[in-house]
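Chemist: Here it is, the structure, as structure tokens.
Only the coordinates and a few stated rules stand behind these numbers; no lab work does. Owing to the predicted nature of the structure, the values given are computational and were not obtained by experimental measurement. Note that we place each Cβ from the backbone using ideal geometry, even for glycine, and neighbour counts take in every protein chain shown.
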Amino acid sequence: MKYADFYQRSVVTPEEFWRDEAALIDWNTPFTQVLDYSQPPFARWFVGGRTNLCHNAVDRWCSAQGDKPALIAISTETNTERSYSFNELRAEVQRWAAMMQSLGVRKGDRVLIYMPMIAEAAFAMLACARIGAVHSVVFGGFAANSLASRIEDAKPVLIVSADAGSRNGKAIPYKPLLDEAIALSSSKPARVLLVDRGLAPMSRVEGRDVDYAALRASHLAAQVPVTWLESNEPSYILYTSGTTGKPKGVQRDVGGYAVALAASMKHNFCGKAGETFFATSDIGWVVGHSYIVYGPLIAGMATIMYEGLPISPDPGIWWSIVEKYKVTRMFSAPTAIRVLRKQPPEFMRKHDKSSLKALYLAGEPLDETTSSWIAGELGVPIIDNYWQTETGWPILSIAKGIEDAPTRLGSPGVAMYGYKVKLVNETTGAECAANEKGVVMIEGPLPPGCMQTVYGNDQRFVDTYWTRHGDKMLYSTFDWGVRDADGYYFILGRTDDVINVAGHRLGTREIEESITSHPNVSEVAVVGVEDKVKGQVAVAFAILKDASAATNEQDIMSVVDRQLGAVARPARVYFVTQLPKTRSGKLLRRSIQAICEGRNPGDLTSIEDPSSLRQIEQVLQK
Ligand code: PRX
């Protein structure tokens, strides 16, 4: 089939289109209405239908392929490897569901999961889905303050965590950070369930903290039936950064998400039941939710969860996994491929990668050098895909499952089915012509699988993302883009203060707020600066209250490490006595960024004091 026809049908008769796609999953009760868009921009998909993510990901596959692998957990940090069949996964998930129920978790309650990349994290997510609890996974690399703001907002009744993560053979204790976060938050979980990996000692709080191994032992034979949920009930919250310092809880539904994942697994990732999928992301990010846990399992594939570095014990590790488990589809990020490109090629070449049919890359711009290099090494199509935490699945890509259309270097591809992508001129609001730069927007309703709202704050959802253009509502991605005459898009960076470090989305405002909490910092500007490996890195310019005090770069970095986590640590901190601002006091972040990247700082007519920019140039030269 021609993709153009498939796409046309999805946007001209979306209800017909998605009714057909909905047949890819199991429904306990059929829906009565495909789409309710009576209250734009809120879209409700598959109204009245009852289904369950855990059923579709696990139970559904138990009769036909119960003994086939479902979840393969590999850790090169602890040198452990364990494969769970669909039957075994169902048993573990039922134990987890029973444990959660015994700790008071009921349908609709939030469960916060702060875990390393171990199988138990996936069990916990699927157990929530099974009983209708709403999970909120927090990336294990985040520290106490990041965690505290998420606890505060989600108000979980239960937190699931572990003694420690591990990086490069070194234990990273989680429990002290978790205790600090709970102390900082005004909302307190009733219970904390702790997986003890034996990596770091843990202190326990009487009456609150529960040992996983002990509790599991009393639920070994647990049978917990699936709770059938109305399609629009919430499945999870995943926090993401934006312009303000306060992360937004992206809330997703049940039915729309299951259908979107099933559709994308078929049309984009071409996954077949019984095959193995390997996404190298982390369950703390949206790629981990969609394409480590739910997507592959919904497609009946085995999924690999990998804890460890891509270059340890040697740079061939990922390809040895591909060889051993006959991975057919792999999903990673450009940064990881750039890291591998710097390694001696023989590590990669010595493994048999003939099972692999395609590599999918997302999360940040894919440069031509990286793309061509990895295509040459693997000899398979490299498929870029552009999307966001908010959308849950690709907005732009090439749907190879529909038509083997060509990819174009530097472009993630064309609009995916269901997405009415528009490029809008920022000043006039008019639609852009071919090759004219604009903001990438999506005309509502958003297709199934996308965010329903900002958790607990419908108004923030409307105010942050949506603008009215005539009788249409447009969702902003906050990315710049251009489209060529053939409909291929090119992404040109964010329109807001979000930066992308090694595919990790971070808010510069959050980092600024953290740095200003240092007692000797009066003001700071954080910008994203181009980096050859990580795409971007954060760079900070700080004004000290007392310049004679002995505050150094390391002191500032430690504040960020402690509060937000090393993932948000600026690569450099420079000290200045003035920051470039407009006469009305607005920080000129873009001009600072331009100077850092050796570009022209742009229009400076509104700057209050041009010498502030010269100071930035000077400190950079030192
Ligand atoms: O700026 C875009 C960039 O990452 C942002 C979304 O990040 P996150 O919410 O973490 O979701 C990642 C899901 C893959 C986007 O607004 N981005 C994502 N994919 C690409 C990209 N930029 C260029 N090319 C991509 N393929």
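Chemist: Sorted by average packing, counted as other Cβ atoms within 10 angstrom per residue and highest first, what order do 39-50, 591-602 take?
Modeler: Numbers: 39-50: 19.8, 591-602: 16.7.
Sorting 39-50, 591-602 by mean packing, highest first, produces 39-50, 591-602.
Chemist: Further, regarding this structure: Only Cα pairs under 8 Å and at least 6 apart count here; give the relative contact order of the chain as a rounded whole percent.
Modeler: On the way: 1386 pairs, mean separation 77.1, N = 622.
Computed over the chain, the figure is 12 percent.
Chemist: May I pose another question? Can you list the lysines whose alpha carbon sits under 27 Å from that of K324, skipping same-chain ones fewer than 8 residues off?
Modeler: Counting by Cα, and skipping residues close in sequence, K324 has these lysines nearby: K68, K170, K266, K272, K342, K350, K353, K357, K400.
Chemist: How high is the FRET efficiency between T29 and E88 when r is their beta carbon distance and R₀ equals 22 Å, given to the nearest 0.05?
Modeler: On the way: r = 29 Å, r/R0 = 1.31.
That gives a FRET efficiency of 0.15.
Chemist: Please report the antiparallel percentage of the DSSP beta bridges confined to the chain, to the nearest 5. Write out the running numbers ahead of the final one.
Modeler: On the way: 65 of 108 bridges.
Rounded to the nearest five, the antiparallel share is 60 percent.
Chemist: How far apart, in nm, are the 7 Å Cα→Cβ label points at D531 and K350?
Modeler: Taking the two extended label points, one gets 3.0 nm.
Chemist: On to the next question. Run the paramagnetic zone check for K324: 7 angstrom along Cα to Cβ, then residues of segment 143-173 with backbone nitrogen under 20 Å.
Modeler: Flagged as within label range: 166-170.
Chemist: Using only the Cα atoms of segment 417-487, what are the Rg and Dmax in Å?
Modeler: Cα radius of gyration and Dmax of segment 417-487 are 12.8, 41 Å respectively.
Chemist: Enter the per residue convex hull volume of the chain, computed from alpha-carbon coordinates, in Å³ rounded to the nearest integer. Each step should come with its number before you reach the end.
Modeler: Numbers: hull volume 97.4 nm³, N = 622.
Spelled out: Cα convex hull of the chain, divided by residues, is 157 Å³.
Chemist: Starting with the fewest neighbours, write out F461, F277, F6 ranked by other beta-carbon atoms found within 10 Å of each beta-carbon.
Modeler: F6, F461, F277
Chemist: I would also like to ask the following. Among the aspartates and glutamates, which have Cα under 17 Å from the Cα of K622 when same-chain residues fewer than 8 positions away are ignored?
Modeler: E553, E597
Chemist: Suppose the chain between T582 and R408 were pulled fully straight at 0.36 nm per residue; how much longer would it get relative to their current alpha carbon spacing? Numbers along the way, then the final one.
Modeler: Working: separation 174, 0.36 × 174 = 62.64 nm, distance 4.02 nm.
The span from T582 to R408 would gain 58.6 nm if fully extended.
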